[in-house]
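Peer 1: Quick one: this structure, given as structure tokens, is what I'll be asking you about.
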Amino acid sequence: WGKKSVAIDLATLEGKQQVQRLAAESDIVIASFKPGDAEKLGVAYAQLKENHPSLIYGQITGYGGHNPRVGYDAVLQAETGFMDLNGEKDGPPTKMPVALIDVLAAHHLKEGILLALLKRERTGEGSLVEVSLVQAALSSLVNQASNWLVGGQLPARQGSAHPNI
């Protein structure tokens, strides 16, 4: 596929310059830093778009751009209720057998990047696309969250049964 891997030391001026050169010839940059780290390293959207105003920059965080916590899939599964909803009715909360929250956030990022590509096609402007693991997880609770918000029905483990069918 013509892909190459490179290791760059962002703590060095040479590394920062190399990233600037790569970003200047790229369509999309995808990053996953704690809030503030990309700026410290010189690889944040605002810093890279100076030389490439049509750059699309996808940023994934754990808890959003203003929360310094690092996000881990299993922790997010627990914090957002996925583990509490998963498993048999009388059994313990159970972790999903895949890194579900990571996958959900990646899909959110993909959708945002597709919209940013459409915007760039129409306007020539780049975009910053930000998603967080917690936002992806909470928005993906769909019917369980709706049942609680609309009807006050507390979600519960029920094996493979669906709460609305």
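The values are calculated or read from the model by the stated rules, or taken from the named source; none is laboratory data. Here the structure is a predicted model, which is why all the values come from computation and not from measurement. Note that we place each Cβ from the backbone using ideal geometry, even for glycine, and neighbour counts take in every protein chain shown. When the accessible area is computed, the model is the full protein with side chains, heavy atoms only, and any ligands, DNA or RNA have been set aside. Shrake-Rupley method; radii C 1.70, N 1.55, O 1.52, S 1.80 Å.
Peer 1: To make sure I understand the rule: partners must be lysines, Cα under 22 Å from the Cα of Lys3, and not fewer than 8 residues away in the same chain. Which ones qualify?
Peer 2: Answer for Lys3, where 22 Å is the Cα cut-off: Lys16, Lys110, listed by chain and number.
Peer 1: Do you know the relative contact order of segment 1-117, to the nearest whole percent, from alpha carbon pairs under 8 angstrom that are 6+ apart? Don't skip to the answer; put the middle values down first.
Peer 2: On the way: 116 pairs, mean separation 22.7, N = 117.
Computed over segment 1-117, the figure is 19 percent.
Peer 1: Let me ask something additional. To the nearest 10 degrees, how steep is helix 13-24 against the longest Cα principal axis of the chain, on a 0 to 90 scale?
Peer 2: Rounded to the nearest ten degrees, it is 80.
Peer 1: Something else about it: Looking at the P(r) of segment 1-131, how many percent of alpha-carbon pairs lie beyond 17 Å? Kindly include the intermediate steps, with their values, before the conclusion.
Peer 2: Details: 5591 of 8515 pairs.
So the portion of pairs separated by more than 17 Å is 66 percent.
Peer 1: Here's something else I'd like to know. Hey, what angle do you get for helix 100-123 against the long axis of the chain, alpha-carbon based, 0 to 90 degrees rounded to 10?
Peer 2: 50
Peer 1: Follow-up question, since we're still on this one. Within 10 Å, count the other beta carbons around each residue, average over each peptide in 93-105, 117-129, and list them highest first.
Peer 2: Details: 93-105: 16.6, 117-129: 14.5.
Packing proxy ranking, top to bottom: 93-105, 117-129.
Peer 1: Per the 1.4 Å probe, what fraction of the accessible area of segment 21-156, in percent, lies on carbon and sulfur atoms?
Peer 2: With neighbouring chains kept in place, the figure for segment 21-156 is 59 percent.
Peer 1: While we're on this one: Dipole magnitude of the chain about its Cα centre, charges +1 at Lys/Arg Cβ and -1 at Asp/Glu Cβ only, in debye to the nearest 20?
Peer 2: Values: 15 positive and 17 negative charges, 34 e Å.
Using only the charged Cβ atoms, the result is roughly 160 debye.
Peer 1: Right, another one. Going toward the positive end of the dipole of the chain, with +1 on Lys and Arg Cβ and -1 on Asp and Glu Cβ, which of Phe33, Ser5, Gly81 do you reach last?
Peer 2: The one lying farthest along the dipole's positive direction is Ser5.
Peer 1: A further question on this structure: Give me the 1.4 Å probe accessible area per residue for the chain, excluding ligands and nucleic acids, in Å². Each step should come with its number before you reach the end.
Peer 2: Working: 10490 Å² over 165 residues.
That works out to 64 Å² for each residue.
Peer 1: Would you mind putting 83-91, 68-76 in packing order, based on average other-beta-carbon counts within 10 Å, highest first? Can you show the working numbers first?
Peer 2: Working: 83-91: 13.8, 68-76: 17.0.
Highest mean packing first, the order is 68-76, 83-91.
Peer 1: What residues of segment 24-47 lie in the reach of a label at Lys119, counting those whose backbone N is under 17 Å from a point 7 Å from the Cα along Cα→Cβ?
Peer 2: 27-31, 45-47
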